[in-house]
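Here's the structure we're looking at; comments come further down.
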Amino acid sequence: MSDEQVKAVAAGRRDFLRKSLFAAGAAMAAPLAARAASEGDVNILENPAWTTSLGLPVATNPYGMPSKYESQLLRRESPGLARVGGASVSFAPLQGLFGIITPSGLHFERHHQGWHDIDPSKHRLMVNGSDDSLLKKAKVYTLDELMRLPSVSRIHFIECGANTGLEWGNVAVPTVQYTHGMLSCSEFTGVPLKVLLEDCGVDYKKARYVLAEGADGSSMTRTIPMEMVESGEVFVAYGQNGEMLRPENGYPLRLVVPGVQGVSWVKWLRRIEVGDKPYATKDEAVHYIDLLPNGQHRQYSSIQEAKSVITTPSGGQTLLDKGFYNVSGLAWSGRGRIKQVDVSFDGGINWQTARLEGPIQNKALTRFNTNWVWDGSPAILQSRAIDETGFVQPTYGQLRKVRGTKSIYHNNAIQSWKIIESGEVSNVQVL
Amino acid sequence: MFRFSKPLFVFALFSASTVAVGFENYSGVGRAATPAEVKAWDIDVRPDFKGLPKGSGNVERGNELFEEKCASCHGSFGESNEVFTPLAGGTTKDDIKTGNVKGLSSGELPQRTTFTKVATISTVWDYIYRAMPWTAPKSLKPDEVYAILAYLLNLQEIVPADFVLSDKNIGDVQKLLPNRNGMTTDHGMWPGAPAKKGGIGNGGKPDTANKACMKNCKPEVLIGSTLPEYARTAHGELRDQNRSFGPVRGTQTLGPEAAKKAADAGTLDLATKSGCMACHGMKSKIVGPGYSEVVARYKDQTDAESRLIAKVKAGGQGVWGSIPMPPNGHIKDEDITTLVKWILNGSK
């Protein structure tokens, strides 16, 4: 979009596209300007180069890349959020993604001591017990061996517990990338953890907790309940979206813990310990604890409760014109499938039920769409998710009433986007 | 190598016809871990101190080690907020008595520190041992961890200056942690068994209960807060963070003044990607000097730019302390020039 077009949008001249169609034609093919202006779009009247010349051969890019015109949607950091890149976050550009799968290269990152590209031939996974009574024998597996075992492939969302955490007190960031972009969804492939634990002869009666540990400098450690492992849900993944995991997402091995905050999906997984008690590791005793108004911290708060957000249109975008829009967004729940999503255009006074697009899977992102004709007047857009347990996503007022404003983690309040006459969309909180 | 013995083969055939998944089925996959291997990796320490190695360390030794290995990030007294949030401060003698940090509920705490939050001293021991120092994790010996932790506990006025922390008395220290009673697991967000069944949560009962009202749900819309103008521009040019086609465009957020700021941010990105920020802070020393310290030292030198470019390329030692800067052959010459100019122009 040219600067003139941007100004036109800002000035509320929403017919600028129709006008600029002829202006652009004139600029691109000056000698034909008169003809173009009278007869139609020069992009139609004149065959472009790609229609009249030979294209590039196969495997010009042996590992394909997005179009050069797709350079703007990138993982980005939020300035001032973290002071050290090795313990920071990059957010996925939800504002421009489609469907439910996050491209692996745009999957959000959260590292605790920087990332490494680990040599898979040297990576090992050890399974051991807190003591000998919990496991018949401690074992070591190589990638070669793990990839010989029976595998599963499942689509799950992963959301950082701190996603939307900047907004507990007030509106703080402009776009859905920064409000909700610590969220991604992939098809993961790997071996159910119970297969490995049973291979080592676990005693489920005594071993009721699992400690997962990473191979990075921080050796990230988190406690997982054995119930989730026994159900077969938790798996040791090497594949993501048809390829191996990307290094930033734990190559060559990470844990998948569906419905649970991302920090438990330990990356560069090197060790599983079964135990009879929880571990209170640093990231479950100093961070990822939720401060309540009475001064108590909630510990081991892990499940990501039902949540949704409209991604198109969303904060930091400008609508081009009055008229029809497909309003689209994402809904998810750590407790199962999404049952319903409602959308409001008047700040939550009235709601209409959106279309859920398939597949609607367990603990996965679900895409919703709804029709809207914008008449050019101010509006406040909201979405509200309901999951299969009947849980309804709370308002900011409801959430803060219980948890105050300093919780940092697990903010699943209803998000609101305000639209003004110029078409500009901005972040606003409705109580 | 394959070695099928006849009885094993018979067993495999038999088990294939049943649903049982005994561990013999995955023959040839994985091997027993040796005791030395388990010892090498099984480093976790639990709240009941299972896994804690024997050893001890005193406050004085901890002070020395902290100054040498920790203070560059955490400040000499664990008070620094420059690189990470502060470790120490924010608690009172009374908190040590009650086991609840009062500042958490009174709102008097400007910022939570590690010791205002942590309820289990094993957590701190475990984390220092596995992950510290920041640039050299797992390089500390158990006695050094005991000493550093003793120093932190003394800073926090939990133990006296002549204290020797050891595996024998760490349980007594646990009884003095100022926020030891400050954690609750009574909530619905633990995915395992509830407390009444031997687990640690409430069984998944949520704490909010919205209703899916559809029509005339409230008389008016109450706005809690809107996006402040500084927040609109702090994230750069939003126009460039959206596609240039489709149903919407990114809103243009930056004027020329802000565009310069964005260019600064671009150079900061470059510095981060080139690995500079791992050792240098904007203002103060991390491993190497802070950039404003560099500017101060070179401000009267006309050849500062060329000298610094040469130094970044080849590495150096001795100007800022004993730790050498490695040569930076991986950074392109033009990027080094950009970075040096940016540093000398008062990097932001």
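Counting each pair of different Cα atoms once, what's the Kirkwood radius of the stretch A:224-272 in Å, rounded to one decimal?
11.0
Could you look at chain B and say what percent of its accessible area is carbon and sulfur, using a 1.4 Å probe and all protein chains?
57
Just want the answer: with Cβ charges of +1 for Lys and Arg and -1 for Asp and Glu, which residue in B:ALA212, B:PRO178, B:GLN301 is farthest toward the dipole's positive end in chain B?
The listed residue farthest towards the positive side: B:ALA212.
Taking only protein heavy atoms into account and a 1.4 Å probe, give the accessible area per residue of the stretch A:161-257 in Å².
Counting only protein heavy atoms, the per-residue value for the stretch A:161-257 is 20 Å².
Given the Cα atoms of the stretch A:176-282, and with Rh set as the inverse mean 1/r over their pairs in the Kirkwood sense, what is Rg to Rh to two decimals?
Radius of gyration over Kirkwood radius for the stretch A:176-282 works out to 0.97.
So for the stretch B:55-160, if I pair up every lysine 8 or more residues apart or on another chain, how many of those pairs have alpha-carbons under 28 Å apart?
Lysine pairs satisfying the spacing and distance rule in the stretch B:55-160 number 9.
What number in nm² do you get for the stretch A:75-147 if you take the convex hull of its Cα atoms and divide its surface by four?
8.4
Which of the residues in the stretch A:74-107 show a loss of at least 40 Å² in accessible area from their chain by itself to the complete set of protein chains, at a probe of 1.4 Å?
Residues passing the criterion (a loss of at least 40 Å², heavy atoms only) are A:PRO79, A:ARG83, A:VAL84.
Using only the alpha carbons, work out the radius of gyration and Dmax of the stretch A:32-108 in angstrom.
In order Rg, Dmax, the Cα atoms of the stretch A:32-108 give 20.3, 59 Å.
Helix-derived [θ] at 222 nm for chain A: sum -39500 (n - 2.57) over DSSP H runs of at least 4, divide by residue count, nearest 500?
Mean residue ellipticity at 222 nm (helix-derived): -3500 deg cm²/dmol.
Nearest 5 is fine: what % of DSSP beta bridges in chain A come out antiparallel, could you say?
Approximately 95 percent, going by the DSSP bridge assignments.
Ratio of chain A's C-alpha Rg to 2.2 N^0.38 Å, to two decimals?
Compactness ratio reported: 1.12.
What does the helix-only formula give at 222 nm for chain B: each DSSP H stretch with n ≥ 4 adding -39500 (n - 2.57), the total divided by the residues, and the result rounded to the nearest 500 deg cm²/dmol?
-10500 deg cm²/dmol
Hey, with R₀ at 30 Å, roughly what FRET efficiency would B:PHE77 and B:ALA265 work out to, going by the Cβ-Cβ distance, to 0.05?
Efficiency computed from Cβ-Cβ geometry: 0.40.
Using only the Cα atoms of the stretch A:40-191, each taken as one equal point scatterer with no solvent, compute I(q) by the Debye sum, divide by I(0), and report log10 of the ratio at q = 0.17, 0.20 Å⁻¹.
So the normalised log intensities work out to -1.16, -1.29.
Once you've got the GNM for chain A with C-alpha springs shorter than 10 Å, pick whichever of A:VAL152, A:VAL266, A:VAL309 has the biggest mean-square fluctuation.
Taking springs between Cα atoms under 10 Å, the residue moving most is A:VAL152.
Could you give me D for chain B, from Stokes-Einstein at 37 °C and 0.692 mPa s, where the hydrodynamic radius is the Kirkwood radius over C-alpha pairs? Units µm² s⁻¹, please.
Result for D is 125 µm²/s.
Can you give me the three principal axis dimensions of the stretch A:255-374 from its C-alpha atoms, in Å, biggest first?
Projected onto the principal axes, the Cα atoms of the stretch A:255-374 cover 59, 37, 26 Å.
For the stretch B:168-210, list whatever residues lose no less than 50 Å² of accessible surface once every protein chain is in place, relative to that chain by itself, with the probe at 1.4 Å.
B:MET183, B:THR184, B:HIS187, B:MET189, B:TRP190, B:PRO191, B:ILE200, B:ASP207, B:THR208, B:ASN210
What is the distance, in nm, between label points placed 7 Å from the Cα along the Cα-to-Cβ direction at B:PHE49 and at A:ASN362?
4.2
At 1.4 Å probe radius, can you tell me the per residue accessible area of the stretch A:79-130 in Å²?
Accessible area per residue, the stretch A:79-130: 39 Å².
Rounded to the nearest 5, what % of DSSP beta bridges with both residues in the protein assembly as shown are antiparallel?
Here the share of antiparallel DSSP bridges comes out near 90 percent.
Rounded to two decimal places and with Rh computed the Kirkwood way over Cα pairs, what is Rg over Rh for the stretch B:51-122?
1.02
Ignoring ligands, DNA and RNA, what percent of the accessible area of chain A is carbon or sulfur (1.4 Å)?
It is 56 percent, rounded to a whole number.
In vacuum, with every alpha carbon of the stretch B:259-312 counted as one equal point scatterer, what does the Debye formula give for log10 I(q)/I(0) at q = 0.31 Å⁻¹? Two decimals, please.
Calculated log10 I(q)/I(0) at the listed q: -1.15.
So for chain A, taking the charge dipole from beta-carbon charges (+1 Lys/Arg, -1 Asp/Glu), which of A:GLN261, A:ALA207, A:SER71 sits furthest toward the positive end?
My answer, from the dipole projection, is A:ALA207.
Please report Rg (one decimal) and Dmax (integer) in Å for the Cα set of the protein assembly as shown.
28.4, 93
Could you give the spread of the C-alpha atoms of the stretch A:136-197 along their three principal axes, from largest to smallest, in whole angstroms?
Sorted from largest, the Cα extents of the stretch A:136-197 read 52, 24, 16 Å.
I need the Kirkwood Rh of the stretch B:39-161: take the reciprocal of the average 1/r across all distinct C-alpha pairs and report it in angstrom.
Mean inverse Cα-Cα distance, inverted, gives 15.0 Å.
Which entries in A:LYS282/B:LYS196; A:LYS401/B:LYS175; A:LYS406/B:LYS283 show an alpha-carbon gap greater than 31 Å?
A:LYS401/B:LYS175
Could you give me the percent of Cα pairs per 5 Å distance bin for the stretch A:338-431, shortest bin first, beginning at zero and ending with the bin that holds the maximum distance?
P(r) over the stretch A:338-431, rounded to whole percents: 3, 12, 19, 22, 19, 15, 7, 2, 0.
Using the heavy atoms of the protein chains alone and a 1.4 angstrom probe, what is the accessible area of chain B per residue in square angstrom?
Averaged over the residues of chain B, the accessible area is 54 Å².
Chain pair A, B: how much accessible area is buried, both chains summed, with a 1.4 Å probe, in Å² to 100?
9900
The values are calculated or read from the model by the stated rules, or taken from the named source; none is laboratory data. All figures in this text were calculated on a predicted structure; none of them were measured in a lab. All Cβ positions, even for glycine, are placed from backbone atoms using ideal geometry, and neighbour counts span all protein chains on display. Accessible surface is based on the protein model in full, side chains and every heavy atom, while ligands, DNA and RNA are left aside. Shrake-Rupley method; radii C 1.70, N 1.55, O 1.52, S 1.80 Å.
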